[in-house]
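Enquirer: One structure, as structure tokens, below. Some questions next.
The values are calculated or read from the model by the stated rules, or taken from the named source; none is laboratory data. Given the structure is predicted, the values throughout are model-derived calculations rather than measurements. Positions of Cβ are backbone-derived with ideal geometry, glycine not excepted, and every protein chain shown enters the neighbour counts.
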Amino acid sequence: MEAEPSTELFFLGTQHAFRKHTMTTVQKKLMEQMGFHPVIARWFSEKFPSPTIPQERGWPAIATGQDTLIAAPTGSGKTLTSFLVCIDKLLRDSLIDEQNDHVRVLYISPLKALSNDIRRNLETPLADIDEIALQM
């Protein structure tokens, strides 16, 4: 009998989705424990004071390939949560020359949000990460 795929599902109210403090040693350890490449971890720590709760709870599920639905307020980092894991995987694959000519990431977004999502959560991070990688 095949095992059911594991799904992570959580909902966060406005008061729990955001954090307004600096990244602590524990949160830096989270980035390390998640296995983010040092370039990705450095970029994140330079851009954000700390991971949001959707990021803390979403990264482990997404990284292990679980189907994951994150429901949280606008601006809580949901899109970047999924994009960052994908960017990290693509970076690692490029370093070991495992770039294949097939779709690696499929992102579905409402058309109204697509342009902003791509610019804010993909193009800008990729440019910044590229710059950091060249410095390291």
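Enquirer: Might you check whether a residue that is surrounded by fewer than 19 Cβ atoms within 10 Å (Cβ to Cβ) and either free of Cβ contacts under 8 Å to residues at least 40 places away in the same chain or in a loop (DSSP other than H, G, I, E, B) (or both) occurs anywhere in the stretch 51-59?
Expert: For the stretch 51-59, residues surrounded by fewer than 19 Cβ atoms within 10 Å (Cβ to Cβ) and either free of Cβ contacts under 8 Å to residues at least 40 places away in the same chain or in a loop (DSSP other than H, G, I, E, B) (or both): present.
Enquirer: Continuing with the same structure: Is there a residue in the stretch 52-59 that is more than 18 Å from Met136 (Cα to Cα) and modelled with pLDDT under 80?
Expert: no
Enquirer: Tally time: how many residues in the stretch 92-115 are within 16 Å of the chain's Cα centre (by Cα), over 19 Å from Ala63 (Cα atoms) and not in a loop (DSSP other than H, G, I, E, B)?
Expert: 0
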